[in-house]
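The block underneath contains the structure these notes are about, expressed in structure tokens.
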Amino acid sequence: MDLDGPGRDVRWRPVPMAEQDVPGAGQSPAEELSWLRAENARLLTRPTAPACVEREAAEDRAVTEIRAIHAEHHGACGALRVHAELSSRRRKINRERVARLMRVNHMVGRHLRRMKRTTIADKTAPPTPDLLMRDFTADTLNTEWCGDIAV
């Protein structure tokens, strides 16, 4: 273990920018800061116009394929099934992108499942008698029990 002074481990130490092989190193702190800001702005700039045009063309091709799959299945497929179909056709596209393109272009899969009705009340049955007369206070334990089934 290499120690630099009493109890100091120098296996790792921060390297000043002046010693690094970085453009702008060895400058004054203000010049370093301006260089870092310029570099950051360069990296975060928007894509160029040809890149945007190319992306829009790729999205148009994807929308055309999605429309074809959607029509092929008579509008029954949502984004998950359309994505699965595109994957089976060896088309690499993100599932969220398929969902976004379908949403923007107003394509929605059919909701084929109906709500299941579990209780059907018998309208001819007489109502259950109210034995407690709506008085739910009990004098002692285990004298009055009640339950409710919503109709």
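Every read-out reported here was derived from the displayed coordinates using simple, explicitly stated rules and does not represent laboratory data. Predicted, not measured: the structure shown is a model, and the values here were computed from it. Note that we place each Cβ from the backbone using ideal geometry, even for glycine, and neighbour counts take in every protein chain shown.
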- [ ] Any chance you could run the full-extension gain for Val53 through Asn94? It's 0.36 nm times the residue separation minus the Cα-Cα distance, nm to one decimal.
- [x] 12.8 nm
- [ ] Starting with the highest mean, order 78-90, 114-126, 49-61 by the number of other Cβ atoms within 10 Å, averaged over the residues of each peptide.
- [x] 78-90, 49-61, 114-126
TODO: Hey, could you get me the Stokes-Einstein D for region 49-104, Kirkwood radius over alpha-carbon pairs, 10 °C and 1.306 mPa s, rounded to whole µm² s⁻¹?
DONE: 138
- [ ] With θ set to phi - 60°, apply the Karplus curve 6.51 cos²θ - 1.76 cosθ + 1.60 along region 57-74 and write out the HN-Hα couplings as whole Hz, x wherever there is a Gly or Pro.
- [x] 5, 5, 5, 5, 5, 5, 5, 4, 5, 5, 4, 5, 5, 4, 6, 4, 9, 6
TODO: For region 49-104, give the magnitude of the charge dipole about the Cα centre (Cβ charges: +1 Lys/Arg, -1 Asp/Glu; no others), in debye to the nearest 20.
DONE: 220
Task: J(HN,Hα) series, region 105-111, from Karplus relation 6.51 cos²θ - 1.76 cosθ + 1.60, nearest Hz, glycine and proline x - done: 9, 6, 10, 10, x, 6, 9
Open item on the list: In whole Hz and in residue order, list the ³J(HN,Hα) couplings for region 75-83 that follow from phi through the Karplus curve 6.51 cos²θ - 1.76 cosθ + 1.60, θ = phi - 60°; x for Gly and Pro.
Closed with: x, 7, 8, x, 5, 5, 6, 5, 4
Task: Kirkwood Rh in Å, taken over region 93-151 so that all alpha-carbon pairs contribute - done: 17.9
